[in-house]
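Notes to accompany the following structure.
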Amino acid sequence: MQKAEHKRLVLLDAHAILHRAYHALPDFTSAQGEPTGALYGLSAMLLKLIADLKPDYLAACFDLPGPTYRHEAYEAYKGKRPKLDDALASQISRSRDIFKAFSIPIYEKAGFEADDALGTIVETLKKRKDIDIIIASGDMDTLQLVDDKKVRVYTLKKGINDTILYDEDGVVARFGFSPAQMTDYKGLRGDPSDNIIGVPGIGEKTATDLINAFGTIEDIYATLKKKGGDEAFKKAGFRERVIELLRTHEEQARFSKMLATIKCDVPIEFSLPEKEWRENVSVPDILGLFTELSFRTLGERVKAVFRGTTASLLPDEPVAPVREEVPPRELAEASVALWLIDSTITDPDLSDILQFAKTDSFSGAHNNRA
């Protein structure tokens with residue numbers, strides 16, 4: 001019996017990536033004045049992860065507007081976050097065009113967050129030995145889903161270019177406990193970014209020490225309620241103050257852990273597509289969208305990522321690198337004309353002119369201009 005070929009699925013936490021890019025990059029705009037900084041960051045990270053991770057399948061998960069079940073349970077959930085900027089909101093909406101151009105399906109469900117959709121997909125596939133999963137995100141929330149080397153998280157350290165890939169050993173090295181205990185950590189320490197309170201007075205070190213000494217929040221309280229529980233905590237090096245904080249805020253600790261836990265049973269239908277994602281991609285469509293968004297420098301990166309992959313083109317579409325001989329004077333005139341039309345394209349070359357004119361020949365570009 002032939003062994004099944006091993007495949008890789010990369011899941012994109014679209015909202016987290018877009019938020020991170022929006023705050024990390026300048027306020028780029030297209031030639032038409034459309035805000036594009038977050039879109040540029042998303043596109044750049046997408047190209048980087050395709051080159052670095054070489055996925056066979058890709059999927060993106062989105063948050064939807066409106067409250068989630070967490071907001072219904074806790075009205076102040078994420079309550080300290082500022083209102084979403086209009087410029088970011090428009091780019092979140094527009095990002096769907098980028099995923100469409102790259103032939104990346106989108107999964108989302110009202111009442112749930114993108115992380116919950118990611119967790120559900122991971123749960124659906126975690127028993128498949130022929131699939132490994134990498135979650136690409138802009139934050140650390142999905143680290144709780146890491147499972148040995150089967151499920152890993154590819155995230156941003158700073159900016160949009162400095163990335164790190166976490167497996168289970170990487171999470172333990174960074175935090176001092178396993179991925180499964182991330183929710184216990186947040187239940188104790190809280191998470192200011194989501195306005196999850198945790199146990200007031202318990203910080204990062206104490207939370208980590210409690211987890212390493214006793215295990216989960218459930219284990220911590222089981223030990224505390226046993227006869228001689230206080231003494232067990234004191235013997236482990238915890239002061240009376242910590243014991244009292246835990247006892248006073250038990251309900252809060254358990255509730256905070258619930259809020260921090262990613263749900264893995266969201267009612268979405270997920271199945272791996274029959275074809276790998278590259279087989280459905282049209283490079284000209286991507287280049288056309290990038291031209292519309294004025295992503296001049298990303299065009300060459302797109303070509304590099306897809307070079308030699310005929311499946312990335314439309315059926316029967318020729319692979320035709322530019323080798324056209326163009327009279328220098330005509331090329332210079334066209335270059336100046338393009339710069340006058342779009343001042344964001346400085347010193348345009350032949351490939352810029354052809355991309356702008358949506359043609360593969362200079363004569364075609366000249367006719368289009370006429």
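Rule-based calculations on the coordinates, nothing more; no lab input. All figures in this text were calculated on a predicted structure; none of them were measured in a lab. Using ideal geometry, Cβ is built from the backbone for each residue, glycine included, and neighbour counts are taken over all protein chains shown.
Observations
- Residues with amide H under 5 Å from that of Lys7, placed H, sequence gap 5 or more: Ile131, Asp132
- Pairs of Cα atoms farther than 21 Å apart, the stretch 182-260, %: 16 percent
- Per-peptide average of other Cβ atoms within 10 Å, ordering 42-54, 8-20, 265-277, 115-127 highest first: 8-20, 115-127, 42-54, 265-277
- Along the stretch 11-28 the Karplus relation, 6.51 cos²θ - 1.76 cosθ + 1.60 evaluated at θ = phi - 60°, assigns HN-Hα couplings of 9, 10, 7, 4, 4, 5, 5, 5, 4, 4, 5, 4, 8, 8, 10, x, 7, 5 Hz to successive residues, with x for each Gly and Pro.
- Straight-distance crosslink candidates among aspartates and glutamates, where the alpha carbon sits under 15 Å from Lys303 and sequence neighbours closer than 8 are dropped: Asp285, Glu317, Asp352, Asp360
- Separation of alpha-carbon centers, the stretch 141-215 and the stretch 80-117, rounded to whole Å: 24 Å
- Relative packing of peptides 186-198, 239-251 - highest average C-beta neighbours within 10 Å first: 186-198, 239-251
- For the stretch 193-205, 3J(HN,Hα) per residue [Karplus equation, 6.51 cos²θ - 1.76 cosθ + 1.60, θ = phi - 60°, Hz, x = Gly/Pro]: 5, 9, 6, 8, 7, x, 9, x, x, 9, x, 4, 5
- The protection proxy used here, the mean number of other Cβ atoms lying within 10 Å of each residue, ranks peptides 201-212, 145-156 as follows, highest first: 145-156, 201-212.
- Proximal lysines relative to Lys226, as straight alpha-carbon distance under 20 Å, when same-chain residues fewer than 8 apart are discounted: Lys234, Lys235
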